[in-house]
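Novice: Encoded as structure tokens, here's the structure I'll be asking about.
The values are calculated or read from the model by the stated rules, or taken from the named source; none is laboratory data. Since we're looking at a predicted model, the values are computed, not measured. We place every Cβ from the backbone using ideal geometry, glycine too, and count neighbours over all the protein chains shown. Ligands, DNA and RNA are excluded from the accessible area calculation, which covers all protein heavy atoms including side chains. Shrake-Rupley method; radii C 1.70, N 1.55, O 1.52, S 1.80 Å.
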Amino acid sequence: MKHTIEPLGDQSLFINLGDEIDPETHESVQAVAARLEKERWSWLSEIVPSYTGLAVYYDAPAFYPEHSSPYEQVAEMLKKVVETTEPREGSGQRTVEIPVCYGGEFGPDLSVVAGENGLTEEEVIKRHSDNEYLVYMLGFAPGFPFLGGMDERIATSRKDSPRTSLPAGSVGIAGSQTGVYPVVSPGGWQLIGRTPIKLFSPDEDPPSYVQPGDRVKFYPVSSEEYNRLEGEE
């Protein structure tokens, strides 16, 4: 597997597995992450997958006094892991269906997305819910899924001034990406709807409703159905 390894800090490094945000690079990232989770060396502190690679945090003192350069030791061990990992080793793909109530109070920026792209609101909803999305990574806020595969015909620029507080479950668009705010947080994405599903529950294991490598399919629901599902949560 083609890669480079570079220092990221005094106790971290970055494994770069590609230059493009695409499903193939994502598969490589997830495969290496799965291998590292399986190994779980005592010196391995944290693994943070991204679009094109992984940040690996390690405990440098664990290598003293035998090794004067913990970075070189860790880099060599990770190099062997990457070189002996097949891209599809991390594949455990599942499809998660997420209900969304589009527009109105749930999606105040639906008209903005429609207007910027010369579409009706109904066309935006159809294009957004017809696609299946790949969860590339989680970040920004706990459980926030960065989703790839959105129809470019509904791509919309971020808001000029981010909102200071967005309801949990808000579904938004920023550029050619879409995502869901799992918790109440500030944000500058254009909001087109909201889901009643809790995407982040700290008491659950795992706490995030979706995981990197999952496929997500949104489907429209009425406000009545939204309220019913919210009550079940």
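Novice: Leaving out ligands, DNA and RNA, what percent of the accessible area of the chain is carbon and sulfur, probe 1.4 Å?
Specialist: The computed percentage sits at 47.
Novice: Distance between Cα centroids, the range 105-135 to the range 157-233: provide it in whole Å.
Specialist: 14 Å
Novice: Shifting gears a bit: With an 8 Å cut-off on Cα pairs and a minimum separation of 6 or more residues, tell me the relative contact order of the chain in percent.
Specialist: 20 percent
Novice: How big is D, in µm² s⁻¹, for the range 77-132 by Stokes-Einstein at 10 °C and 1.306 mPa s if Rh is the Kirkwood radius over C-alpha pairs?
Specialist: On the way: Rh = 14.8 Å.
Approximately 107 µm²/s, per Stokes-Einstein.
Novice: Note down the nm distance, to one decimal, between modelled labels 7 Å out along Cα→Cβ at residue 46 and at residue 153.
Specialist: 4.2 nm
Novice: With a 1.4 Å probe and all protein chains left in place, how much accessible area per residue does the chain have, in Å²? Working shown, then result.
Specialist: Working: 11690 Å² over 233 residues.
Accessible area per residue, the chain: 50 Å².
Novice: Between residue 1 and residue 68, with labels modelled 7 Å along Cα→Cβ, what's the label distance in nm to one decimal, could you check?
Specialist: Placing both labels 7 Å beyond Cα along the Cβ direction yields 3.3 nm.
Novice: May I pose another question? Could you compute the FRET efficiency for residue 79 and residue 219, with r as their C-beta to C-beta distance and R0 at 41 Å, rounded to 0.05? Could the numbers behind the result be given before it?
Specialist: Numbers: r = 44 Å, r/R0 = 1.07.
My answer for the efficiency is 0.40.
Novice: Between residue 59 and residue 22, what is the FRET efficiency for a Förster distance of 25 Å, r being their Cβ-Cβ separation, to the nearest 0.05?
Specialist: With a Förster radius of 25 Å, E is 0.15.
Novice: Which of the trypsin sites (Lys or Arg not before Pro) found in the range 47-140 are in a DSSP loop and have at most 15 neighbouring Cβ atoms, other than their own, within 10 Å?
Specialist: 94
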